[in-house]
Amino acid sequence: MKILEAVPNFSEGRDLERVERIVARIAAHDVEVLDWSADPDHHRSVVTYIGAPSDVRMAAVAAAEEAVELIDLRSHRGVHPRVGALDVLPFVPLEGATMRDAIDAASEAATEIEALGVPVYLYGAAAPSGPRDLATLRRGGFERLCKGWPAEGLPHRTAGRDAAHPSAGVTCVGARPVLLAWNVVIAGVPIERARAIAAEIRERGGGFPGLRALGLHLPRQQRVQISMNLEDPVRTPPLEVFDAIAAAVAAEGGEVVETEVIGMMPDTLVQRGSADRLNLLDLRPARVLSHRVAEYVSARAGSPTEIPDVTE
């Protein structure tokens, strides 16, 4: 049994009816939706689902079609960088699958999304000319790409266009290992200092390997957060990143309020004692990726499988 995970990110976080329509398009396929969430300040939703490679790919393309119909970036404003209605579509190899399976799914999905009229950049392991990072691809956002293709290069699939789709932008389709997407909410620190802390800890600023970080102000919630992707939570332990943030915030006279995980939690985040130390929200077995994959394999195999409980 080969299992792929897909974690599509959509540029809609305020109209839950639209988000639910997208999730329903995914769930109509032979896949299992593990989690979805929507954030009005980021104006973004994230869906996590698993299944056989072909089913995962078809569900992603169906969701892309729905996103093109429902989301118009010309009226979209949020704190999170974005270039597309379906902004990011990573494929992740899990049980029995290899990175080659994820790359193949990404390539095929890119071709099918191009057929919808939406140009596609391939990133990560799926990029044929070497890894492309999302921060570079999204620099300047949708508005920049509507003016024409940047000097850094054309999309891998242009859809016959010389600029982004006028309402749906472009989609970044990739293949990557499991990562940790998380937000650390802080208090007592102005947004300028939060941005400075994010710049210091991220890899590009000489900080932790594989860490992408932004300091963001959430106007609807009146909160400040450091929003992060940790590309390899085994090589770079999340607790070390968290401790660095907590120390920097404390030095400014502030405090860490809570930690929020977007999507599923990797085992490295939920080791014994981590939840209290991180002020981690919603730590349940249903949110732990390895637990849900084991349940899925057991159900599909029709025989009992030992299901790990890493939250004990």
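Set Lys and Arg Cβ to +1 and Asp and Glu Cβ to -1, take the dipole of region 4-175 about its Cα centre, and tell me which of PRO155, ALA59, VAL31 lies farthest positive.
Of the listed residues, the answer is PRO155.
So, in nm, how far is label GLU240 from label THR98 when the simple model puts each one 7 Å beyond its Cα toward the Cβ?
3.0 nm
Divide by every residue of the chain the summed helix terms, -39500 (n - 2.57) for each DSSP H run of at least 4, and state the resulting mean residue ellipticity at 222 nm, rounded to the nearest 500 deg cm²/dmol.
-9500 deg cm²/dmol
For the pair THR111/LEU16, report the inter-label distance in nm, with labels modelled 7 Å from Cα in the Cβ direction.
Roughly 4.0 nm, to one decimal.
Quick check: the distance between the Cα centres of region 223-272 and region 10-39, to the nearest angstrom?
Cα centres, region 223-272 to region 10-39: 26 Å.
What's the FRET efficiency of ALA247 with ARG223 using the Cβ-Cβ distance as r and R₀ = 30 Å, to the nearest 0.05?
My answer for the efficiency is 0.90.
Test of understanding: in a Gaussian network model of the chain with alpha carbons linked when under 10 Å, which of ALA299, ALA199, ALA59 would top the mean-square fluctuation ranking?
With Cα springs under 10 Å in the chain, the top fluctuation among ALA299, ALA199, ALA59 is at ALA299.
Out of [x] 48; [y] 54; [z] 41, which label holds the value of percent of Cα pairs over 27 Å apart that was computed here?
So the calculated entry is the one marked [z].
Laboratory data are not the source of any read-out in this text; all were calculated from the coordinates shown. On a predicted model such as this, the values are computed, not experimentally measured, just so you know. Heads up, the Cβs are rebuilt from the backbone with ideal geometry, glycines too, and the neighbour counts pull from every protein chain shown.
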